1. In region 301-328, which residues are under 19 Å from THR340 (Cα atoms), assigned to a loop (DSSP other than H, G, I, E, B) and either modelled with pLDDT under 95 or open to solvent by 10 Å² or more (accessible area, probe 1.4 Å) (or both)?
2. Quick one: ASP100 ticks every box in (1) at pLDDT 95 or above; (2) in contact with a helix residue (DSSP H, G or I) (Cβ under 6 Å, 6 or more places away or on another chain) except a single one, so which number is it?
3. So for region 375-382 (the condition being in contact with a helix residue (DSSP H, G or I) (Cβ under 8 Å, 6 or more places away or on another chain), surrounded by 13 or more Cβ atoms within 10 Å (Cβ to Cβ) and within 27 Å of ASN216 (Cα to Cα)), does at least one residue qualify?
4. Out of region 241-258, which residues are open to solvent by less than 20 Å² (accessible area, probe 1.4 Å) and over 15 Å from LEU439 (Cα atoms)?
5. Those residues that are of a type outside the set (A, V, I, L, M, F, W, C), more than 16 Å from the ligand (Cβ to nearest atom) and surrounded by 17 or more Cβ atoms within 10 Å (Cβ to Cβ), I need them from region 108-132; list them, please.
6. How many residues does region 137-162 hold that are open to solvent by less than 10 Å² (accessible area, probe 1.4 Å) and within 13 Å of the ligand (Cβ to nearest atom)?
7. Can you name the residue in region 444-457 that is over 17 Å from PRO312 (Cα atoms) and of a type outside the set (D, E, K, R) and is also most open to solvent (accessible area, probe 1.4 Å) among such residues?
Amino acid sequence: MHKDLPTTALEPTILVIFGITGDLAERKVLPALYHLFANDLVHPQTYLVGTSRRDISVADILKRIEHAVTAHTDGFDPAVLQKMATHFSMLKVDPTVDADYAQLRDRLQQIEDKAGVCLHRLFYLSIPPQVYGGIVQRLGQNGLNTGCSHGVTASRLLVEKPFGYDLHSAQELISKTSEHFSEEQIFRIDHYLAKETAQNILTFRQHNPLFNQIWNHRHITGVSITAIESIGIEGRGNFYEHVGALRDLVQSHLMQLLSPTLLDIPSDMTADAIHKAKQSVLDSITPVPADQVANRSVRGQYQTYREEVHNPDSTTETYASLVLYSQDPRWEGVPLKLTTGKALKIKRTSITVDFGDQPHSNRLQFRLQPNEGITLALRVKKPGLTSAMEETTMDFAYHTAFQAHSPRDAYERVLIEAIRGDHLLFATDEEVLASWRILQPLLDEWAKSSADLVIYPSGSDGPDTSKLIP
Ligand SMILES: NC(=O)c1ccc[n+]([C@@H]2O[C@H](COP(=O)([O-])OP(=O)(O)OC[C@H]3O[C@@H](n4cnc5c(N)ncnc54)[C@H](OP(=O)(O)O)[C@@H]3O)[C@@H](O)[C@H]2O)c1
């Protein structure tokens with residue numbers, strides 16, 4: 001399905017990072033870049049340009065990288081940072097000021113003049129969503145939506161979720177972006193897709209005939225996709241209060257994981273064919289009908305949330321669980337349960353596929369985090385003078401099976417694929433719209449009344465969802 005990861009340097013590129021001083025850049029993007037440099041994956045003609053509205057120096061950014069890398073990994077190497085320093089520059093840009101884009105254009109031109117070649121340009125928009133539209137427009141108006149003057153190289157946008165706030169705003173955002181950038185130039189990040197286990201779903205399904213042949217409603221009785229965490233909103237109240245669990249996680253990550261789980265594996269495993277198959281999965285899913293919201297969805301809010309956001313009347317959900325169905329005959333009648341929540345007892349992201357009726361089911365679980373791997377629950381006879389059965393598991397964990405190759409962080413893969421211009425691990429405009437189409441009726445119903453919002457204690461299992469599965 002995938003091209004092998006490069007073991008040699010990626011293509012020469014200028015990576016412009018809007019929002020380099022932000023939370024995401026510090027926790028994910030910059031450490032991922034550090035690891036690409038550490039593994040010699042970066043072409044010698046790679047140039048990193050960080051932008052900020054403030055006077056931030058390259059030394060400041062390098063300190064942040066050191067701090068982030070040492071906090072999460074052993075073996076920080078100062079030589080890698082020194083190497084990064086030679087590729088880095090900063091530019092003061094206010095993304096809302098037109099004149100600053102002329103400066104950015106000049107900086108890119110200078111870099112290319114000095115390099116003596118045209119380079120790919122990759123604009124990473126790691127900035128709050130409300131700034132996104134203006135940046136795209138100004139990049140376009142300043143001719144930064146094409147490669148350098150020879151026209152040989154690409155100009156690409158690497159964008160963070162959320163892609164819109166609802167169906168209407170997503171349509172608008174996609175339409176405005178398309179005035180300046182073609183779909184081919186846009187890479188919409190869903191970093192869950194870049195996790196090792198997520199990439200393994202298709203490989204596993206395709207190359208294990210035992211499962212491939214029974215991957216349908218005759219054998220599978222339920223699919224559950226879960227992304228729960230023990231932390232709360234961690235000071236991101238301003239952002240979260242206007243978003244909530246359904247928009248934040250279900251519309252993007254959980255829908256994107258549902259598609260490879262259900263899709264008809266194409267004979268031709270190209271990015272295009274896989275995107276078509278994913279699209280067909282999303283198009284076949286019906287929204288929760290208004291009269292079934294009560295028994296097909298549960299929403300909750302953790303107890304201390306309102307204090308954290310200083311809004312005693314907040315109805316924003318920090319927990320959402322819902323059951324969808326597909327009209328594809330292959331998945332007829334199979335409940336597709338999507339669950340996400342914050343401030344819960346455990347952290348887990350998984351895809352669970354149940355074979356057979358409870359309590360005699362076999363359960364296959366893809367674990368995306370923690371401890372990436374796959375578990376198959378089986379029933380065996382208990383040892384000794386008994387014929388009693390017990391559930392046991394066959395367990396595959398990446399860290400024990402492939403000790404020398406611990407999974408790369410998803411953001412390394414995101415950067416690699418965007419620099420290579422491979423769309424497979426990114427969401428298309430149609431996929432984004434299809435996900436919103438599925439969820440919009442539920443969002444509309446939830447907006448009418450919050451009577452069903454369950455307040456749950458932090459550190460608990462969250463609201464009871466037993467009513468959801470028939
Ligand atoms: N943080 C996460 O865990 C996470 C997870 C998934 C997706 N995302 C997405 O990733 C993007 C970045 O998230 P983030 O949490 O890193 O954002 P952030 O920290 O709130 O902002 C990033 C940077 O953008 C600049 N900025 C902030 N407000 C601005 C404004 N009104 N006008 C112009 N520039 C502004 C600031 O840089 P200067 O002050 O230096 O100019 C800031 O450091 C967002 O689209 C977010 O939805 C974030």
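The values are calculated or read from the model by the stated rules, or taken from the named source; none is laboratory data. Predicted model, so just to flag it, every value in this text is computed and none were measured. When we count neighbours, we look across all protein chains shown, and the Cβ atoms used for this are built from the backbone with ideal geometry, even at glycine. Accessible surface areas use protein heavy atoms only, side chains included; no ligands, DNA or RNA. Shrake-Rupley method; radii C 1.70, N 1.55, O 1.52, S 1.80 Å.
1. If the condition is that a residue be under 19 Å from THR340 (Cα atoms), assigned to a loop (DSSP other than H, G, I, E, B) and either modelled with pLDDT under 95 or open to solvent by 10 Å² or more (accessible area, probe 1.4 Å) (or both), then GLN303, THR304, THR315, THR316, GLU317 are the ones that fit.
2. The single condition ASP100 does not satisfy is (2).
3. There is no residue in region 375-382 that is in contact with a helix residue (DSSP H, G or I) (Cβ under 8 Å, 6 or more places away or on another chain), surrounded by 13 or more Cβ atoms within 10 Å (Cβ to Cβ) and within 27 Å of ASN216 (Cα to Cα).
4. Matches in region 241-258: LEU257 only.
5. Hits for region 108-132 are GLU112, HIS120, ARG121.
6. The qualifying residues number 3.
7. Among those residues, the one meeting the criterion is ALA447.
For every residue, the table says whether it meets (1) away from the ligand (no atom under 16 Å from the Cβ); (2) modelled with pLDDT of 95 or more; (3) touching a Lys or Arg at 6+ places or on another chain (Cβ under 7 Å).
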{"position": "HIS2", "(1), (2), (3)": "yes, no, no"}
{"position": "ALA9", "(1), (2), (3)": "yes, no, no"}
{"position": "ILE14", "(1), (2), (3)": "yes, yes, yes"}
{"position": "ILE17", "(1), (2), (3)": "no, yes, no"}
{"position": "ILE20", "(1), (2), (3)": "no, yes, no"}
{"position": "ARG27", "(1), (2), (3)": "no, no, no"}
{"position": "LEU41", "(1), (2), (3)": "yes, no, no"}
{"position": "LEU48", "(1), (2), (3)": "no, yes, no"}
{"position": "SER52", "(1), (2), (3)": "no, yes, yes"}
